[in-house]
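A.B. asks: The structure's right below; bear with me while I get my questions together.
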Amino acid sequence: MTEPLLKVENLRQHFKISRNFTVKAVNGVSFEIYPGETYGLVGESGSGKTTIGRSIIRLYDPTDGEIIFNRDKISGELSDKIRRRLRKNMQMIFQDPMSSLNPRKKIGDIIGEGLDIHKLYSSQKERRNIIGEILKKVGLSPAHAERYPQQFSGGQRQRVGIARALVMNPKLIIADECISALDVSIQAQVVNLMKDIQSETKCAYLFIAHDLSMVKYISDRIGVLHKGYLVETGTTQEIFTNPAHPYTQSLLSAVPQPNPAVEKNRKLISYDADKVSYENCTMRQISDSHFVSVPND
Amino acid sequence: MEKILSVKNLDITFRTNAGNIHAIRGVDFELPLGKTVALVGESGSGKSVTMKAVVGLLDSNAIINSGKIFYGDIDLLTLSKKDLRRTINGQQIAMVFQDPMTSLDPTMTIGEQIMEGMFLHKKISATDARQKAIELLKLVGIMEAEKRMKNYPHQLSGGMRQRVVIAIALSCAPKILICDEPTTALDVTVQARILNLIKEIQAEMNLSVIYITHDLGVVAKVADFVNVMYAGKIIERGTIEEIFYDPRHPYTWGLLSAMPDLETDDERLYSIPGSPPNLLHEPTGDAFAARNKFAMKIDEKAEPPMFKISETHYAATWLLHPDAPKIELPAELKSRLERARKAANYDGTTA
């Protein structure tokens, strides 16, 4: 098997709120992402999925654990060299395209900021060309570079967000709920665009979302999070046809389906989260790629 | 079927600094007694504005150009805001808002909030109101109701808060419940439970329910009839089966396929290009034409009327005109619809 692009080992992310209160957002999560694949991270609100994305790209300092990206160790202290490599090769698409673009900057400068910092062009003309190309790739036109974010609709802004990530030619893009703020008819456009880009540039995605039908559609492998623990991970096929963890089963039983006949006869599987303590669980292997968290007994 | 609410030819403009926005451009729909009707559309399609007109919560810059909203024999638009508040809102028509985080008052206990409406609308003693409030909390599935009465909203989870909001809406035994995106702020597992709860209560209290939502998964679960809105108009209406298994409007196709079903594999999603029109500029012809790959010349000139497909099924697209060319459904959508029909044993007419 090929070497993983990203290897997260026992990641913990705790936030100290006050002297005697710590939020344990992520508790010992391990997973791998291979080059060119899409790994979906799902879970309810508060399960830690966004935190994991932000810890990996080092918007937070992980409390414990090891993150290896592209053979660099990117947890702990970062040397300047590794930091630059990390920033170039890993990019993020944020949830809300209304608030993640600087309203005082032109689209061209928002997209070009990474190029400026990493000095990835030799002349202004080249910079313009790179930006124009990337705008075309995401379905906008090079002329849009002179405009400001507020002149665009939500879907177009998310395209800018994608262009901004893509211009660095990253190996991994973290997409944190990148379609949930968009209108339904726009969501399909953006997802199709992300798939096209992946087949063209072979970048990997960490696709963080709560919408399971979309995650299933876009992901190769999926990790299910609950209360800061990874309870199950496997290929999309394995998770959806053979969910092993009771939490995954209850989550899948609740996914709304656009088919009234199915919807009206559906049985919910309930899951009582208070009964289990994930602290005393270990991951057990079911198949080559399918792991589930089970209590130690 | 007896109608409990009917909206006729509603037309609303908003005056803004940028100009007049023609947000609702002639909306008709009906709510049969005891049934559930869904208004589906994207942001800006006018679904929330339509409902706000029903409960008299339109912003002050709204001008109602024409239209009637009948609740029984009363035209709600002729009532003053005061009368509407006194006699209709809460008692006859109640609303559940989108975000349970912001629709509760953080300075009042949930008990006080549930009883507030009862004191306002009914001559009821404090003990009776309290008793009723506890019953309601039990009805919406909140454990230890007596204890919860004294809780403040911040002490409850999102799902619990939405249950409280539903309890408040039910406090004066309304006939119609309007749910404005009741579960978009909630997780899927909680969403499923809340939708089931509303359904159970509907059966128990013989409520008529209107759902405003953009989520077709929710619609599939709850609705009997569906109205699809686009740019301030209803562009397709039908029974739930007609809309999900035999949709006729290209916009409905796009909405349906934007939500992959669990069998959608590597095939691309059928997507609608572009984005919804800005109603600051009145669209000429079919408002959807610019995004419609099946658009014809007439779409740019004239607005399509509602074409009748069956007694209950109508769609506003020139594709249904007898002279229109036969079009082939996009392959991804076709296989999708076939799967859905098969799963449902639906044997209606094929598209």
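A.B. asks: Of B:Phe244, B:Phe288, B:Ile298, which is farthest on the positive side of the dipole of the stretch B:229-344, counting Cα position, with +1 on Lys and Arg Cβ, -1 on Asp and Glu Cβ, and the Cα centre as origin?
C.D. replies: Of the candidates, B:Ile298 comes out farthest on the positive side.
A.B. asks: Counting helices only, and only those DSSP H runs with n ≥ 4, report the 222 nm mean residue ellipticity of chain B as the sum of -39,500 (n - 2.57) divided by its residues, in deg cm²/dmol to the nearest 500.
C.D. replies: Working: 11 runs with 110 residues, N = 351.
The helix-only estimate for chain B comes to -9000 deg cm²/dmol at 222 nm.
A.B. asks: What is the sum of charges around B:Lys132, taking Lys and Arg as +1, Asp and Glu as -1, for the other residues whose C-beta is under 14 Å from the C-beta of B:Lys132? Don't jump to the answer; show the numbers that get you there.
C.D. replies: Values: positive: B:Lys122, B:Lys123, B:Arg130, B:Lys138; negative: B:Glu112, B:Glu116, B:Asp128, B:Glu135, B:Glu146.
Cβ neighbours under 14 Å give a net charge of -1.
A.B. asks: Can you classify the protein assembly as shown as rounded, prolate or oblate using the Cα gyration tensor, where a ≥ b ≥ c are the square roots of its eigenvalues, rounded means a/c under 1.5, and otherwise it's prolate if a/b beats b/c and oblate if not? The partial results should precede the final answer.
C.D. replies: Working: a/c = 1.69, a/b = 1.25, b/c = 1.35.
Judged from the Cα gyration tensor, the protein assembly as shown comes out oblate (a/c at least 1.5, b/c at or above a/b).
A.B. asks: Please tell me the relative contact order of the stretch B:3-227 in percent, rounded to the nearest whole number, where contacts are Cα pairs under 8 Å and at least six residues apart. If you can, show how the numbers build up before the last one.
C.D. replies: Details: 392 pairs, mean separation 63.0, N = 225.
Relative CO of the stretch B:3-227 lands at 28 percent.
A.B. asks: Pairs B:Lys35/B:Lys132; A:Lys81/A:Lys119; A:Lys24/B:Lys147: which exceed 20 Å Cα-Cα?
C.D. replies: Details: B:Lys35/B:Lys132 26 Å; A:Lys81/A:Lys119 14 Å; A:Lys24/B:Lys147 29 Å.
Over 20 Å Cα-Cα: B:Lys35/B:Lys132; A:Lys24/B:Lys147.
A.B. asks: If packing is taken as the mean number of other Cβ atoms within 10 Å per residue, what is the order of A:191-203, B:83-95, highest first? Working shown, then result.
C.D. replies: Values: A:191-203: 16.3, B:83-95: 19.7.
Final packing ranking: B:83-95, A:191-203.
A.B. asks: Tell me the angle of helix B:126-139 to the major Cα principal axis of chain B, expressed in degrees between 0 and 90 and rounded to the nearest ten.
C.D. replies: That works out to roughly 40 degrees.
A.B. asks: May I pose another question? Note down the net charge around A:Ser75, summing +1 for each Lys or Arg and -1 for each Asp or Glu among other residues with Cβ under 11 Å from its Cβ. Mind dumping the intermediate values first?
C.D. replies: Details: positive: A:Lys7, A:Arg12, A:Arg58, A:Lys73; negative: A:Glu9, A:Asp61, A:Asp64, A:Glu66, A:Asp72, A:Glu77.
In short, -2.
A.B. asks: Something else now. Within 10 Å, count the other beta carbons around each residue, average over each peptide in B:240-253, A:142-155, and list them highest first.
C.D. replies: Values: B:240-253: 24.0, A:142-155: 16.1.
Packing proxy ranking, top to bottom: B:240-253, A:142-155.
A.B. asks: Mind checking B:184-191 for the average number of partner chain beta-carbons within 10 Å of each residue's beta-carbon? If you can, show how the numbers build up before the last one.
C.D. replies: Details: counts 1, 1, 2, 8, 13, 12, 3, 3.
What the average comes to for B:184-191 is 5.
A.B. asks: Can you divide the C-alpha Rg of the stretch B:166-234 by 2.2 N^0.38 Å and report the result to two decimal places?
C.D. replies: Expressed relative to 2.2 N^0.38 Å, the Cα Rg reads 1.13.
A.B. asks: Now for a separate question. Please give the net charge around A:Asp196, taking every other residue with its beta carbon less than 11 angstrom from that of A:Asp196, where Lys and Arg add +1 and Asp and Glu add -1.
C.D. replies: Numbers: positive: A:Lys137, A:Lys195, B:Arg268; negative: A:Glu200.
It works out to a net charge of +2.
A.B. asks: Averaged over its residues, how many other protein chain Cβ atoms are within 10 Å of peptide B:268-281's Cβ atoms? Present the calculation step by step, with values, prior to reporting the outcome.
C.D. replies: Working: counts 6, 9, 2, 9, 6, 4, 6, 10, 5, 0, 1, 0, 0, 0.
The shielding value for this peptide is 4.
A.B. asks: Please pull out the direction-averaged projected area of the stretch A:6-295, using the convex hull of its alpha-carbon atoms, in nm² to one decimal place.
C.D. replies: Numbers: hull surface 68.4 nm².
For the Cα atoms of the stretch A:6-295, the hull's average projected area reads 17.1 nm².
A.B. asks: Right, something else. For a 24 Å ceiling on Cα separation, which of these pairs sit above it: B:Lys82/B:Lys138; A:Lys88/A:Lys195; A:Lys106/A:Lys216; A:Lys49/B:Lys138; B:Lys82/B:Lys233? Before the final figure, lay out the partial values.
C.D. replies: Working: B:Lys82/B:Lys138 32 Å; A:Lys88/A:Lys195 21 Å; A:Lys106/A:Lys216 35 Å; A:Lys49/B:Lys138 33 Å; B:Lys82/B:Lys233 29 Å.
The pairs that break the limit, which is 24 Å between Cα atoms, are B:Lys82/B:Lys138; A:Lys106/A:Lys216; A:Lys49/B:Lys138; B:Lys82/B:Lys233.
A.B. asks: What whole number of Å gives the distance from the Cα centroid of the stretch B:51-72 to the Cα centroid of the stretch A:33-103?
C.D. replies: With the stretch A:33-103 and the stretch B:51-72 each reduced to a Cα centre, they are spaced 48 Å.
A.B. asks: Across 10 Å bins from 0, what is the distribution of all Cα-Cα pair distances for the stretch B:256-307, in whole percents?
C.D. replies: Cα pair-distance distribution for the stretch B:256-307, in percent: 21, 39, 26, 14, 0.
A.B. asks: A further question on this structure: Classify chain B from the C-alpha gyration tensor, please: rounded if a/c falls under 1.5, else prolate or oblate depending on whether a/b exceeds b/c.
C.D. replies: Judged from the Cα gyration tensor, chain B comes out prolate (a/c at least 1.5, a/b above b/c).
A.B. asks: Helix check for chain A. Which DSSP H runs span at least 15 Å along their own axis by Cα, with a mean Kyte-Doolittle hydropathy no less than 0.5? Could the numbers behind the result be given before it?
C.D. replies: Details: long enough: A:107-118 (18 Å, 0.57); A:124-137 (20 Å, -1.27); A:154-166 (18 Å, -0.43); A:184-201 (26 Å, 0.11).
Once both thresholds are applied, what remains is A:107-118.
A.B. asks: Relative to the longest principal axis of chain B, what angle (0 to 90°, nearest 10) does the C-alpha long axis of helix B:331-344 take?
C.D. replies: 50
A.B. asks: For a quick check, take a GNM of chain B with Cα springs below 10 Å and name the residue from B:Glu263, B:Glu144, B:Glu200 with the largest mean-square fluctuation.
C.D. replies: B:Glu263
A.B. asks: Separate question: Determine the shape class of the stretch B:241-351: with a ≥ b ≥ c the square roots of the Cα gyration tensor eigenvalues, call it rounded for a/c under 1.5, and otherwise prolate if a/b is greater than b/c, oblate otherwise. List each step's numbers first, then the result.
C.D. replies: Numbers: a/c = 2.11, a/b = 1.40, b/c = 1.51.
Taking the square roots of the gyration eigenvalues as a ≥ b ≥ c, the stretch B:241-351 is oblate.
A.B. asks: Right, something else. Extending each Cα 7 Å along its Cβ direction at B:Asp75 and A:Arg104, get the distance between those two points in nm, one decimal.
C.D. replies: About 5.4 nm separates the two model spin labels.
A.B. asks: If you count, for every residue in B:192-201, the Cβ atoms of partner chains within 10 Å of its Cβ, what is the mean? Walk me through the intermediate numbers first.
C.D. replies: Numbers: counts 9, 3, 0, 3, 2, 0, 0, 1, 0, 0.
Counting Cβ atoms of other protein chains within 10 Å of each residue's Cβ and averaging gives 2.
A.B. asks: Pairing the Cα long axis of helix B:110-121 with the longest principal axis of chain B, what angle in degrees results, from 0 to 90 and rounded to the nearest 10?
C.D. replies: On a 0 to 90 degree scale, this one is about 90.
A.B. asks: Run lengths n ≥ 4 of DSSP H only: what is the helix-derived mean residue ellipticity at 222 nm for chain A, with -39500 (n - 2.57) per run over all residues, to the nearest 500? Please list the in-between numbers first.
C.D. replies: Working: 10 runs with 101 residues, N = 297.
The helix contribution divided over chain A gives -10000 deg cm²/dmol.
Rule-based calculations on the coordinates, nothing more; no lab input. In this text, all values refer to a predicted model and were calculated from it rather than measured experimentally. Quick reminder, even Gly has a Cβ in these numbers, built from the backbone with ideal geometry, and neighbours come from all protein chains shown.
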